[in-house]
Amino acid sequence: MTQDRRAILGFLLAGVALHVGLALTGLWYAWAWPAIGASFVLLILICERIGRHVPVRARKTYERTLALGFPVLLLAVWELAGALELISPIWFPPPSAIGRALWDVSVNYDRFSETSLLGRPWLIPQEYAQGGLAAVGTLLSESHLLATLGRVFAGFLLGAIPGILLGVVMGLNQTVRLMLDTTLAAIYVLPKIAIFPVVMLMFADPFGEGPKIVVVALSVFILMTINTMTGVRNIDPVYLMAGRNYGAGPLQMLRHVILPGAMPVIFAGLRIALGTAMIVIISVEFLRAKQGVGYMTFYHWEVLVPEKMYAGLVVVMILGVTLTGLLHWLQKRLMPWKR
Amino acid sequence: MAPSDPKISARNVTKVYQTASGPMTAVDDFSLDVAEGEFLAIVGPSGCGKSTFLRMLAGLEDISSGQLTIRPGADPSTPLNSVVFQEYAIFPWKTVIQNVAFGLQMRGVSERARMDVARGWLDRVGLAKFADHYPHQISGGMKQRVSIVRALANDPEVLLMDEPLGALDAQTRVVLQEELLRIWEETRKTVVYITHSLDEAVLLGDRVVLMSAQPGRILDVYQIDLDRPRSIDTMNLPAFAEYRAAIWDRLSAEVTRAMEMQP
C-alpha cells in the first residue's frame, strides 16, 4: 500500500519534472511529442497502481472512468496541441472547432447544394401546417443523414434476408453448396466498391438511388450467405436428429432448430456486414452522390473547409456506433438464452 | 397385426457403410423381437453397432437390408418412437419447459395443453422450479432428466434410449437409474436401452442382449428374472451377481477382441 503510494507520487513528480525541465531549458517545443508520449506511459503506470487498491464495489466505476476518461483526455490533448500550434489548427482543427462545425451543419441549411445534415426537423410542424405530409417529405429529403441511413437500411435488408435464406439452403444442401461455394468465395474477396461501375450499368438511372442501395445489398448478401452457411453447418447434428425424431417438418425445423442453432454465427455476420455496409456506402457517396454523409464529408474536403469534413467523420462514427448498438439490442431480444 | 404380435420386430437387419477403404458392416443379420411393455437392454463393446441399430429403429438412419418395424398403437396420432440421446440434445435456445413440450408442439397440440403435460412431467422429476431456465443454467444430471421427460411427454409407442446416462458422473448416474426404474414402473413403456454398463443393463432390463464388435451381431440374449419393482438394492442380490458374472464372461472376451481389432 505505502509502496504503491510512494510509486504513484514518484511517477507524478517525474512527469512534472520532465515538462518543467524541458520548459526551463527552452527545449519543450522541440521535444513536445516525446514528452507527451512519456506522460501517457506514466499515466498508465499510475492508473495501474491505483487499480490495485480499488475496492470490489467501486470496480465498475473505476473501469468506466478509464474507458471514458481516456478518450476525453485524448480530445483535451488534441485541443491543447492545436492551441499551442504543435499541430496545424487549419488542417487538424481542434475538437472545439469541429464541435462548432458540427453544430453549424446541423442547424443551418446549405442554400448552394439545397441540403442540410438533419433535414431541419424543427420545421416539421410549420411545413405540415402549410403543405401537409408531402411538404414534410420534401423537407426531410434534403437531409444528408436520412439519405445515408435510408441507403444503409434498404441495402442491409435487401442483402441480409436473401443472404440468410441462401446461406441456410447452402448449409443444408450439398449440391447447392458445391455449385455456389467457389463462386461466392471469388466474389467475396472482390472489394464491392470496385463493382459499383458495373452495378451502375444495370440501372436506367445510373446516378439514382438504385445502384447505391444495390451495391450495399450485394456486399451484405455475400457476407451473410457465407456466415449463415457456416452457422448452419456448425449446428451439432444431434439437434437435427432430435428435431426430426420429434416430428418437426421442414418449416418447423427451420424455425425451431436451424435458425436458432445458427443464430450466434448469423449475428456475428450481421455485425461484420454492418461495418462493410458503412464502408461501402460512404465510399459510394464519396464517388458519386449529391447527398449523404459521405458526400458532405468529401464535399467539404474539396472546398477546403476541414472543420466540416471532420464533422462529417464524426457523424459517420456516431452512425456506426448507434447502428451497432441497435444490432446488439436486437441480438439480446432474439437470443435470450445467451443471457 | 394382432396385439399379441411383438411391439418391435427386427428381421435380418444389416447396415453396411461405404468407406474409402471398402464396405464396413456395422450391424450384421440382427433379428430380435421385443414384446409390448418390455424393457430391453443392449450391451456390447464400443463400436459394436448398438447405437447404429437404435438410430435405424428411430428412422434416423437407413437400413441396408432386412426389415425393422414398430407396431403402431390403437391411436394413430401417437408417435412410434422418441429417442433420448446420450448428449442430451435438448435445445439450448429453448427453456426447460419448452424443450419438454417440443414433441407435442410439433404435433400441433395447443400451447395450453402441451404446457400442462410438460409441467406435470417436470413435477414428477422434481424440476418444476427450473421450468423457465435455459439448459446452460442447469446441471448435466438435470439436463438428462429434461431429455428423458421430453421423450416421455411425447408419449411414444416405444422409448429408445441411447446410453442416456453415459455422460454423467457415477453418483448422478445411480440417482437417475433409480428414477428411471420408478418412472418405468409407472408407465410400463416398451423400452430399448443401449448402454455399455453391464450393471445398468442387468439392473434395468427384462432381457439383456449382448452384441459383438465389428460386425455387430447378437452374441447372446439373457432373460433377467429379478423381481420388480427393482431398486439400487437389487444390485446386492446374489442372483444379480450371478447374471452379471455370466454375461461378463462373454462380454470381457468380446471387449478384448474389439480392442485388438482397433488400429
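The values are calculated or read from the model by the stated rules, or taken from the named source; none is laboratory data. Values in this document were obtained by computation on a predicted structure and should not be read as measured data. Positions of Cβ are backbone-derived with ideal geometry, glycine not excepted, and every protein chain shown enters the neighbour counts. All accessible areas refer to the heavy atoms of the entire protein, side chains included, with ligands and DNA or RNA removed. Shrake-Rupley method; radii C 1.70, N 1.55, O 1.52, S 1.80 Å.
Hey, got the average number of other protein chain Cβ atoms within 10 angstrom for residues in B:85-97?
Numbers: counts 5, 1, 5, 2, 10, 3, 8, 7, 13, 4, 2, 0, 0.
If you average over the peptide's residues, the count of other-chain Cβ atoms is 5.
Given the options A:Leu304, A:Leu254, A:Val316, identify the residue whose Cα lies farthest towards the positive end of the charge dipole of the range A:139-338 (+1 on Cβ of Lys, Arg; -1 on Cβ of Asp, Glu).
A:Leu254
If the viscosity is 1.002 mPa s and the temperature 20 °C, what translational diffusion coefficient in µm²/s does Stokes-Einstein give for the range A:131-193 when Rh comes from Kirkwood over Cα pairs? Let's see the in-between values first.
On the way: Rh = 14.8 Å.
So the translational diffusion coefficient is about 145 µm²/s.
Pick from B:Gln67, B:Gln177, B:Gln214: which is most flexible by mean-square fluctuation in a GNM of chain B where alpha carbon atoms under 10 Å apart are linked?
Maximum among the listed residues: B:Gln67.
At 1.4 Å probe size, with the rest of the protein present, what percent of the exposed accessible area of chain B is carbon and sulfur atoms?
On the way: 5750 of 11380 Å².
Exposed carbon and sulfur together represent 51 percent of the surface.
How far is helix B:140-153 tilted off the main Cα axis of chain B, in degrees rounded to 10, range 0 to 90?
Roughly 80 degrees between the two axes.
Quick one: pull the percent of accessible area on the range A:139-338 belonging to carbon and sulfur, 1.4 Å probe, ligands and nucleic acids left out.
On the way: 6900 of 9590 Å².
Its accessible area is 72 percent carbon and sulfur atoms.
With the Cα gyration tensor of the range B:167-230 in hand, give its eigenvalues times 5 under a square root as the equivalent ellipsoid semi-axes, listed largest first in whole angstrom. Display every interim value, and only then the final one.
Numbers: eigenvalues 95, 50, 20 Å².
Equivalent ellipsoid semi-axes, largest first: 22, 16, 10 Å.
Is the shape of the range A:158-217 rounded, prolate or oblate, going by the alpha carbon gyration tensor and its root eigenvalues a ≥ b ≥ c, with a/c under 1.5 for rounded and a/b larger than b/c for prolate? The partial results should precede the final answer.
Working: a/c = 3.02, a/b = 2.00, b/c = 1.51.
Judged from the Cα gyration tensor, the range A:158-217 comes out prolate (a/c at least 1.5, a/b above b/c).
Please report the buried accessible area for the interface of B with A, total over both chains, probe 1.4 Å, in Å² to the nearest 100.
Working: alone 12300 and 20430 Å², together 30740 Å².
So the total buried area for this chain pair works out to about 2000 Å².
Running a GNM on chain B with Cα contacts under 10 Å, which residue among B:Ala89, B:Ala153, B:Ala170 ends up with the highest mean-square fluctuation?
The residue that fluctuates most here is B:Ala170.
Give the average over all directions of the projected area of the C-alpha convex hull of the protein assembly as shown, one decimal, in nm². Display every interim value, and only then the final one.
Working: hull surface 171.3 nm².
Average projection, Cα convex hull of the protein assembly as shown: 42.8 nm².
Could you please state how large a percent of the accessible area of the range A:2-83 is carbon and sulfur, counting protein chains only and using a 1.4 Å probe? Before the final figure, lay out the partial values.
On the way: 4410 of 5920 Å².
Reported share for carbon and sulfur atoms: 74 percent.
In a GNM of chain A with a 10 Å cut-off on Cα contacts, which of A:Gly21, A:Gly132, A:Gly210 has the highest mean-square fluctuation?
A:Gly21
Skip the ligands, DNA and RNA, and give the accessible area per residue of the range A:139-338 with a 1.4 Å probe, whole Å².
On the way: 9590 Å² over 200 residues.
Ligands and nucleic acids excluded, the figure is 48 Å² per residue.
Only sites in a loop by DSSP and with at most 11 other Cβ atoms within 10 Å count here; which trypsin sites (Lys or Arg not before Pro) in the range A:28-126 make the cut? Walk me through the numbers on the way to the answer.
On the way: sites: A:Arg49, A:Arg52, A:Arg57, A:Arg59, A:Lys60, A:Arg64, A:Arg100, A:Arg111; in loops: A:Arg52, A:Arg111.
Within the range A:28-126, the qualifying trypsin sites (Lys or Arg not before Pro) (loop, at most 11 other Cβ atoms within 10 Å) are A:Arg52, A:Arg111.
Stretched out fully, how many nm does the piece from A:His19 to A:Thr183 gain, at 0.36 nm a residue minus the Cα gap?
Working: separation 164, 0.36 × 164 = 59.04 nm, distance 5.97 nm.
53.1 nm is the gain from fully extending A:His19 to A:Thr183.
Mind checking the per residue accessible area of the range B:113-168 for me, 1.4 Å probe, whole number of Å²?
Working: 1900 Å² over 56 residues.
Result: 34 Å² per residue.
Round to a whole angstrom and tell me the spacing of the C-alpha centers of the range A:36-112 and the range B:97-140.
Using only Cα atoms to place each centre, the spacing works out to 53 Å.
For a distance above 17 Å, tell me the whole-number percent of Cα pairs in the range A:2-83 that qualify.
On the way: 1897 of 3321 pairs.
Roughly 57 percent, rounded to a whole number.
Cα-Cα over 29 Å: which of B:Lys15/B:Lys143; A:Lys60/A:Lys332; B:Lys7/B:Lys50; A:Lys192/A:Lys290; A:Lys290/A:Lys332; B:Lys15/B:Lys94?
Numbers: B:Lys15/B:Lys143 31 Å; A:Lys60/A:Lys332 22 Å; B:Lys7/B:Lys50 19 Å; A:Lys192/A:Lys290 21 Å; A:Lys290/A:Lys332 37 Å; B:Lys15/B:Lys94 34 Å.
With Cα atoms farther than 29 Å apart: B:Lys15/B:Lys143; A:Lys290/A:Lys332; B:Lys15/B:Lys94.
Please report, ordered by residue number, every helix of chain A (full DSSP H runs) that is 27 Å or longer along its axis going by C-alpha atoms and whose mean Kyte-Doolittle hydropathy reaches 1.0. Before the final figure, lay out each step's value.
Values: long enough: A:2-24 (32 Å, 1.07); A:28-51 (34 Å, 1.29); A:59-83 (35 Å, 0.61); A:144-172 (42 Å, 1.81); A:209-233 (36 Å, 1.19); A:259-287 (40 Å, 1.83); A:306-334 (42 Å, 0.85).
The qualifying helices are A:2-24, A:28-51, A:144-172, A:209-233, A:259-287.
Per residue, how big is the convex hull of chain A when only Cα atoms are used? Give it in Å³. Spell out each step's value before the answer.
Values: hull volume 79.2 nm³, N = 339.
Hull volume over Cα atoms, normalised by residue count, gives 234 Å³.
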